[in-house]
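**Q** This is the structure, below, for whatever I ask next.
The values are calculated or read from the model by the stated rules, or taken from the named source; none is laboratory data. As the structure is a prediction and not an experimental result, all values here were calculated from the model. Positions of Cβ are generated from backbone atoms using ideal geometry, with glycine treated the same way; all protein chains shown enter the neighbour counts.
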Amino acid sequence: MRLRCGLLVGLVLLLGCTKQADSEQASGKQANKEEIYFVRQLTTVKHGGRGMPVAQSSFSGITVSKQSDGALTTRQRTLWSWQAGGGSASGTLSLNPNDADDKQVLALLGSGFEASLNKDGSLKTLKAVDQSAFDSLVQAKPEAAAIFTSRDSSLTSGVMPLTLPEQVRVGQEFVRQEQSGKFGTLSSRMRVTALTDEVALVDIELSGGGVQGGGQQAIRRRDGMPIELQFELTREADDKQPAISMQLTANNMAYSNYMTIGADATLYKTHRQALQRMLAKPPFSAQSDDPKVYRLQPASEADMPSWMLSTAALDAIEKGLSFGLDKDHNAHRPLIVLKGKMPGSSPASFRDAPTQPLLLAELRKATLMDASGRELPDLATIPTHRKILFMDSYRSTELDIDFPFRLPLQTRAAQLTELDTIRLDVGVETYALSGTETLKVGAQSKDNAQLRIEWLGPQRVTLAQTRGHMQTSKGTWTVAVPLDADGKQIPSAALLASAFVDQDDPQRPYVHAPLDWELRNVSSDSHIATAQPIAALQLRHYAWEQVPRQWNIRATP
């Protein structure tokens, strides 16, 4: 029997998410609505000072409800899981539904597990939805029972129910003690670091029984449901087991823009320092002696920056989309591969600007069809990573995290033989000129409320602008053109970079890269330096919106 125990462990790691999700159902606002979670765990087991990392990624669907007695029930099912490390890889796509044993495992994973919880979020019972499949699995693999019934796996995963006090304030701390059969008493110390009406950002320290760790969570206040988390955990070696370190990230996909998967605090700080060094040198700190660093922008306002995508370009781009069915030795069936390529190219308007438009689409529905346009039976898809992003070319397979949708776990190769078209209903971000305005030195825009202009000196100005809430489907992006006293354009140098979140907190023992949630209102800054004093700024406002499109993607010829 080709059972991958890593898949089972991944389910347990998500149970903490499901327990938090149950609190949401108490409000009655999201009852019985499945939410998609992504979890990634990197585990390193150290033998003799050397470690072998194993990475596991999974998408799961979580549904929660409230019982008449106030108890909470959660149901969690696996949509996709993949594990790689030590030179091998396996996952749900490795399990063959034509094999009797694998079919049993897939049935168990696909139907999921149901947990009954107390009002405070503590676990009462945990059982498989398909109990007969679970019983058969345990008979063949007795260790599976311990994996699913152990509370220790949930305690040490870092994904725990977190019921916040009704009155919460920034800086508030609280401590909780929990009993673990394996580790004894575990202590969790929590501190609220940021607060909005909807979300609390909480730092967490965990210690006890040879286990220590820390991280942060963004938690919906109305129900305790996690939006996003990062966590690190270490367990000391003893006579019975080696030392283990673990990094865990989790994202509720309804709230995540691009997922800072495996984000590294050191790398984040390095990028920040690199930007600071660039701004501390000419042409941004002082006028440059090299005239080549200054360039003119397009004379016409209608000539959009090269990275902006127009609605008129969509037809040509969509003709470059295709799909294929590729074989992989780690998968039991052919895998869908989505492909795309941008047509043509355009000159860059800024130094270091991209030479191709940026395509950003959001998947709303995916349908697999035969040559007659009929939907293939028993192949209903589930959007998971809804963001589709590419600049020059695009390629994504079912083994990739950013593949936009998932097929049923028990999909067989024979079901894909009639696949002729993949229809993706998407919203594609496009731009168009909406107007211009000219500002005197020191003035602010009246037409773009999301724009803040920093007048830093006679030859330096920075535009800081945000896109608003992550669910926003339209807005305005502004480009500035420096002018002299006669209204003529001044050659300029420009550097576009995201602003940074300050992570230097002396009270935080574990430093992480910011969560996606923390970056929701971080501005994108256009740093502009000119070859002569600025007399005025021409602001070119480009309206952007998500345009509904239906991509009918056919197989590669």
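**Q** For the stretch 221-229, check the following and say yes or no: at least one residue is under 26 Å from Thr384 (Cβ atoms), touching a Pro at 6+ places or on another chain (Cβ under 7 Å), buried (at least 16 other Cβ atoms within 10 Å of the Cβ) and not assigned by TED's automatic domain parsing to the domain that holds Arg406.
**A** yes
**Q** In addition: Could we say that Thr417 is surrounded by fewer than 17 Cβ atoms within 10 Å (Cβ to Cβ) and under 20 Å from Asp370 (Cβ atoms) here?
**A** Taking the combined requirement at face value, the residue satisfies it.
**Q** Can you give me the number of residues within the stretch 144-182 that are in a loop (DSSP other than H, G, I, E, B) and either over 20 Å from Gly215 (Cα atoms) or at pLDDT below 75 (or both)?
**A** Looking only at that region, the number is 11.
**Q** In the stretch 109-143, how many are of a type in the set (Gly, Ala, Ser), at pLDDT below 85 and crowded, with 19+ Cβ neighbours inside 10 Å?
**A** 2
**Q** Working only within the stretch 418-434, note down all residues that are out of contact with any helix residue (DSSP H, G or I) (no Cβ under 9 Å at 6 or more places or on another chain) and not hydroxyl-bearing (Ser, Thr, Tyr).
**A** Once the filter is applied, which keeps residues that are out of contact with any helix residue (DSSP H, G or I) (no Cβ under 9 Å at 6 or more places or on another chain) and not hydroxyl-bearing (Ser, Thr, Tyr), the stretch 418-434 yields Glu418, Leu419, Asp420, Ile422, Arg423, Leu424, Asp425, Val426, Gly427, Glu429, Leu433.
**Q** Sticking with this one: Which residues, counting only those in the stretch 383-406, are touching a Pro at 6+ places or on another chain (Cβ under 7 Å), closer than 22 Å to Ala313 by Cα and part of a strand (DSSP E or B)?
**A** Ile388
**Q** If you go through the stretch 26-58 one residue at a time, how many are modelled with pLDDT under 90, farther than 23 Å from Ser116 by Cα, of a type in the set (Gly, Ala, Ser) and surrounded by 14 or more Cβ atoms within 10 Å (Cβ to Cβ)?
**A** The number of residues fulfilling the criteria is 1.
**Q** Next up: Do we have any residue at all in the stretch 463-478 that's loosely packed, with under 15 Cβ neighbours inside 10 Å, among the charged types (D, E, K, R) and over 19 Å from Gln546 (Cα atoms)?
**A** Scanning the stretch 463-478 turns up no residue that is loosely packed, with under 15 Cβ neighbours inside 10 Å, among the charged types (D, E, K, R) and over 19 Å from Gln546 (Cα atoms).
**Q** Being at pLDDT 85 or above, of a type in the set (Gly, Ala, Ser) and not in a strand (DSSP E or B) is the filter here; which residues of the stretch 498-557 pass it?
**A** Ala499, Ser523, Ala531, Ala535
**Q** I'd like the full set of residues that are out of contact with any Asp or Glu (no Cβ under 8 Å at 6 or more places or on another chain) and within 30 Å of Met308 (Cβ to Cβ), limited to the stretch 390-420.
**A** Result: Phe390, Met391, Asp392, Ser393, Tyr394, Arg395, Asp400, Ile401, Asp402, Phe403, Pro404, Phe405.
**Q** Among Thr438, Thr462, which is assigned by TED's automatic domain parsing to the domain that holds Thr530, touching a Gly at 6+ places or on another chain (Cβ under 9 Å) and modelled with pLDDT of 95 or more?
**A** Matching residue, one of Thr438, Thr462: Thr438.
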